[in-house]
Each structure stands twice: as structure tokens, then as C-alpha cells.
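**Student:** Sending over a structure as C-alpha cells; questions will come in a sec.
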Amino acid sequence: MDQIAGIVHEPAGTAVGAVALTHGAGGSRESPLLQAICEQWARRGWLAVRYNLPYRRRRPKGPPSGSSAADRAGILDAVAAVRDFVDGPVIAGGHSYGGRLTSMAVADDGLDLDVLTLFSYPLHPPGKPERARTEHLPRIAVPTVFTHGTADPFGSITELRPAAALVAAETRILEITGARHDLGSKKLDVPALAVDAALGLLG
């Protein structure tokens, strides 16, 4: 996985399938959320990979810069890499910016997945609901899980519901009560709930 700057969480036996997850705009593959989710997938028998987007491979800190096309190409490469390791379903997504770009890769770049899993999808910049990031959602034809905090400044649950309804496939919204954009919760096991939701869409 060196070519995609990925860290692998391996299951105890033969992998049921593979999961590829990436980070938000200010983060990296070392995100505690990504680590916990990938550990949960591995415990369920899946090969899980958390990887850095190309802009993060170029520099260790700071937000994305320049075109998102290179980062979307990095997502395609990462999913192709994990697909080579398993004979089973493939799930991909990410937190915030990483999830948004993965959804755009599904909508417009031919990324083929069994389930798309989005954590804290950034519906709009904080305080700027007029700048909606939903134009591509009707072009997504993959079952999609939105795991979202009820106190997320990048979009409320009320705003998320009609946005999720734009997706041209089955969707689920997993509400994390009281959580902000980092999805931190002292009461709920967010990784376990998110994995359950994604598995529920596999059919």
C-alpha cells in the first residue's frame, strides 16, 4: 500500500471485502476517527485501509491547495489498490473533504463501489448555507450512508435530509446526537454504528 500512502488494518482470517477511507481537509490518515473505524471494519472481517490524499502526501500540514482533480485521481488509485487484495465487496468514503471527493469520484469519475460511506459530509461552509455542495449528488447511483452529527456547523440534519434524498440509490442517515464535525461522542460507539449502517446497505 506504499504507493497510496495507506495503512492496512487486516482481519483475522480471509477478508470478506475491502474498505478504503480517507481524511478531511485539515487531517491525515492518522485521524483518530479513521483509525477507530478501520479497526472496527477489521474486527468484522474486512480489510480496511486509511490513506492520505495526494495533497497530504506532498506536505504534512495545511489545507488542500489547487485543483481537487489530483485528489480525486488519488481516490481512484486507492480503491483500485485495495480491490486487488480481496475478492468481495468494496466500500469507500471518508471524512468531510475526503468523503465529498469520494462522492464526486463516484458521481463523475466512474468509481464503482458497493457502498459509499460519508462521515460529516460538508454540505456547505459554516455559516454559508447558500454555498451548497450538492450539485453532483443526483449522479450518485451507489447506496450511501451519511454519518452526521446533530451539531455539525457544516450542515444540519434538517439540511442533510433533502440532500441525501437527491442520491439516486438507497441512503441512510446515521444521526450522532450532540456531535460536531469530528463526530466525537461519549455516549455512542460511532464506528460500530457506522459499520452496521454500511453493512445494512449491502443487501
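The values are calculated or read from the model by the stated rules, or taken from the named source; none is laboratory data. Quantities reported herein were computed from a predicted structural model and do not represent experimental measurements. Don't worry about glycine lacking a Cβ; one is built from the backbone with ideal geometry, like all the others, and counts go over all protein chains shown. Just so you know, the surface numbers come from the protein's heavy atoms only, side chains and all, with ligands and any DNA or RNA stripped out. Shrake-Rupley method; radii C 1.70, N 1.55, O 1.52, S 1.80 Å.
**Student:** Of the residues that sit in segment 1-28 and are farther than 22 Å from PRO89 by Cβ and in contact (Cβ under 8 Å) with a residue 12 or more places away in the chain, which one is surrounded by the fewest Cβ atoms within 10 Å (Cβ to Cβ)?
**Tutor:** GLN3
**Student:** Another question about this same structure. Taking the criterion of being among the hydroxyl-bearing types (Ser, Thr, Tyr) and open to solvent by less than 10 Å² (accessible area, probe 1.4 Å), would at least one residue in segment 80-101 satisfy it?
**Tutor:** If we filter segment 80-101 for residues that are among the hydroxyl-bearing types (Ser, Thr, Tyr), which is where we start, we get 96-97.
Now narrow it down to the ones that are open to solvent by less than 10 Å² (accessible area, probe 1.4 Å): none.
Checked against the condition, which is being among the hydroxyl-bearing types (Ser, Thr, Tyr) and open to solvent by less than 10 Å² (accessible area, probe 1.4 Å), segment 80-101 yields no hits at all.
**Student:** Can you find even one residue in segment 68-91 that is in contact with a helix residue (DSSP H, G or I) (Cβ under 8 Å, 6 or more places away or on another chain), in contact (Cβ under 8 Å) with a residue 40 or more places away in the chain and outside any helix (DSSP H, G or I)?
**Tutor:** Yes, segment 68-91 contains at least one residue that is in contact with a helix residue (DSSP H, G or I) (Cβ under 8 Å, 6 or more places away or on another chain), in contact (Cβ under 8 Å) with a residue 40 or more places away in the chain and outside any helix (DSSP H, G or I).
**Student:** Test each condition in (1) assigned to a loop (DSSP other than H, G, I, E, B); (2) buried (at least 24 other Cβ atoms within 10 Å of the Cβ) for HIS124 and report the one that comes out false.
**Tutor:** (2)
**Student:** Here is a check on your reading of the model: is ARG50 under 14 Å from the mean Cα position of the chain (by Cα) and basic (Lys, Arg)?
**Tutor:** For ARG50, the condition - under 14 Å from the mean Cα position of the chain (by Cα) and basic (Lys, Arg) - is met.
**Student:** Moving on. What pairs can you find where one residue is in segment 139-158 and free of Cβ contacts under 8 Å to residues at least 24 places away in the same chain and open to solvent by 10 Å² or more (accessible area, probe 1.4 Å), the other is part of a loop (DSSP other than H, G, I, E, B) and among the acidic types (Asp, Glu), and their Cβ atoms are less than 9 Å apart, with a gap of 6+ or different chains?
**Tutor:** Short answer, once both residue conditions are applied: none.
**Student:** Still on this structure: Checking the structure you have, find out if any residue of segment 108-117 is open to solvent by 20 Å² or more (accessible area, probe 1.4 Å) and closer than 23 Å to SER31 by Cα.
**Tutor:** Checked against the condition, which is being open to solvent by 20 Å² or more (accessible area, probe 1.4 Å) and closer than 23 Å to SER31 by Cα, segment 108-117 yields no hits at all.
**Student:** Still on this model: May I ask you to say which residue of LEU202, LEU174, LEU188 is open to solvent by less than 70 Å² (accessible area, probe 1.4 Å), not in a loop (DSSP other than H, G, I, E, B) and not charged (D, E, K, R)?
**Tutor:** Only one candidate qualifies: LEU174.
**Student:** Further question: Which one of these is within 22 Å of ARG83 (Cβ to Cβ) and either in contact with a Lys or Arg (Cβ under 7 Å, 6 or more places away or on another chain) or assigned to a loop (DSSP other than H, G, I, E, B) (or both): ALA105, ALA179?
**Tutor:** Answer to the selection: ALA105.
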